[in-house]
Amino acid sequence: MKKIDIACIIDDDPIFVFSAKKIMQMSNMCNGFLVFHNGHEALSNLKAIISKDSQSLPDVILLDLNMPIMDGWEFLEEFIKIPTQKEIIIYIVTSSVDPQDVIKARSYDKVSNYIIKPISMESLKSLMISDIQETEVSSKS
């Protein structure tokens, strides 16, 4: 498996942020992290990164839906409008089991999967391995 250079975690829950980082560090799947506590903070910072060097963008985004200021849906609506040359894998990672949220998430081409919290090392690793391999194959064609 190709190691993820940068993973971005957008979530207001410090326990989830800590555990997600720990899982990725323990499984040695990631070199670095960007952490934002709401969609507005993430959008502002990612736009700044895009304007300077889009290669510094994250490879993967773990996006919570329920956050203050700007929730995950609002972030997603704005983020997909920004043109980037880098393929970014987006996972919705939420405690929401609402079937409407799952359906809505599947309507976005940029969303790779919908993961219900809590996450485990095995589930995150298996998802990322398959998605990163697909991204590598599609970028070579």
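Every residue, every condition in (1) out of contact with any Lys or Arg (no Cβ under 6 Å at 6 or more places or on another chain); (2) surrounded by fewer than 16 Cβ atoms within 10 Å (Cβ to Cβ); (3) at pLDDT 90 or above, yes or no:
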{"position": "61", "(1), (2), (3)": "yes, no, yes"}
{"position": "64", "(1), (2), (3)": "yes, no, yes"}
{"position": "69", "(1), (2), (3)": "yes, yes, yes"}
{"position": "73", "(1), (2), (3)": "yes, no, yes"}
{"position": "80", "(1), (2), (3)": "no, yes, yes"}
{"position": "84", "(1), (2), (3)": "yes, yes, no"}
{"position": "96", "(1), (2), (3)": "yes, no, no"}
{"position": "100", "(1), (2), (3)": "yes, yes, yes"}
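Results for (1) touching a Leu at 6+ places or on another chain (Cβ under 9 Å); (2) closer than 13 Å to residue 110 by Cβ; (3) without any contact (Cβ under 8 Å) to a residue 40 or more places away in the chain, shown as yes or no for each residue.
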site: 28; (1), (2), (3): no, no, yes
site: 33; (1), (2), (3): no, no, yes
site: 40; (1), (2), (3): no, no, yes
site: 53; (1), (2), (3): no, no, yes
site: 77; (1), (2), (3): no, yes, yes
site: 91; (1), (2), (3): yes, yes, yes
site: 94; (1), (2), (3): yes, no, yes
With the checklist (1) exposed (fewer than 14 other Cβ atoms within 10 Å of the Cβ); (2) among the acidic types (Asp, Glu); (3) closer than 16 Å to residue 13 by Cα in hand, flag the one item residue 41 doesn't pass. (1)
Any pair with Cβ under 6 angstrom, 6 or more apart, that starts in the range 102-114 at a residue that is on the phi > 0 side of the Ramachandran plot and ends at one that is among the hydrophobic types (A, V, I, L, M, F, W, C) and outside any loop (DSSP other than H, G, I, E, B): none
Subset of the range 25-59 [touching a Lys or Arg at 6+ places or on another chain (Cβ under 7 Å) and in a loop (DSSP other than H, G, I, E, B)]: 27, 29, 57
For the range 3-38, which positions are surrounded by fewer than 20 Cβ atoms within 10 Å (Cβ to Cβ), among the aliphatic types (A, V, I, L, M) and closer than 19 Å to residue 75 by Cβ? 6, 17, 34, 35
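The values are calculated or read from the model by the stated rules, or taken from the named source; none is laboratory data. Note that the coordinates shown come from a computational prediction; the quantities given were computed from them, not determined experimentally. Ideal geometry is used to build each Cβ from the backbone, glycine not excepted, and the neighbour counts take in all protein chains shown.
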